[in-house]
Amino acid sequence: MLAAVRPVERDDLNLFCVALSMVAGNQEVPPSLKSYVVRILTEAKSVAADITKANSAVSPEAISLAFDLIDQVDLFDSAKSVDSFEKISPEIANKFLMRVEGVDVRN
C-alpha cells in the first residue's frame, strides 16, 4: 500500500541527510537540526514498526525514511538503537546516507 504512494524523488530527506553528513564528518550539528533528525527518525521507526501509524500527522520525510527502514532490516536495527541524537554514531550516520543517497561519506 505505501509503495504505491512513495515519491520517486529523494530530495525529501535533504535536511536529514545534511545533519547525518555532519555527524559522519564529526562536525557540530545545531540543536534545532538535532531535534528535527530525532523527530523524523522517531516517526519513521513508528511507521516502520506499525504501518497503521502512517497518517496525516506523520511528516512526509518520516514516511519516506520508513520505506527505507522497512526495506532494509539492518538499517531498521540500527535505527532502533537511536533514541537521542547523541546515539547517532558516524557509522550509523553513514549507513543511513548509503541507503538514502547512495554515498559513502567516510574518508
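The values are calculated or read from the model by the stated rules, or taken from the named source; none is laboratory data. Because the structure is predicted, anything quoted here is derived from the model rather than measured. Please note: Cβ atoms are built from the backbone with ideal geometry, for glycine as well, and neighbour counts cover all protein chains shown. The protein model used for the area step is the full one, side chains on, heavy atoms only, and it has no ligands, DNA or RNA in it. Shrake-Rupley method; radii C 1.70, N 1.55, O 1.52, S 1.80 Å.
Table for the structure above
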{"read-out": "Percentage relative contact order, the chain, counting C-alpha pairs under 8 Å, at least six apart", "value": "36"}
{"read-out": "Burial ranking of peptide ranges 30-36, 19-25 (average Cβ count within 10 Å, highest at the top)", "value": "19-25, 30-36"}
{"read-out": "With 10 Å bins from 0: P(r) over the chain, alpha-carbon pairs, percent", "value": "15, 53, 28, 3"}
{"read-out": "Nonlocal amide H pairs with Ser59, under 5 Å, H built at 1.01 Å", "value": "none"}
{"read-out": "Of all accessible heavy-atom area on the chain, the percent that carbon and sulfur account for (1.4 Å)", "value": "55"}
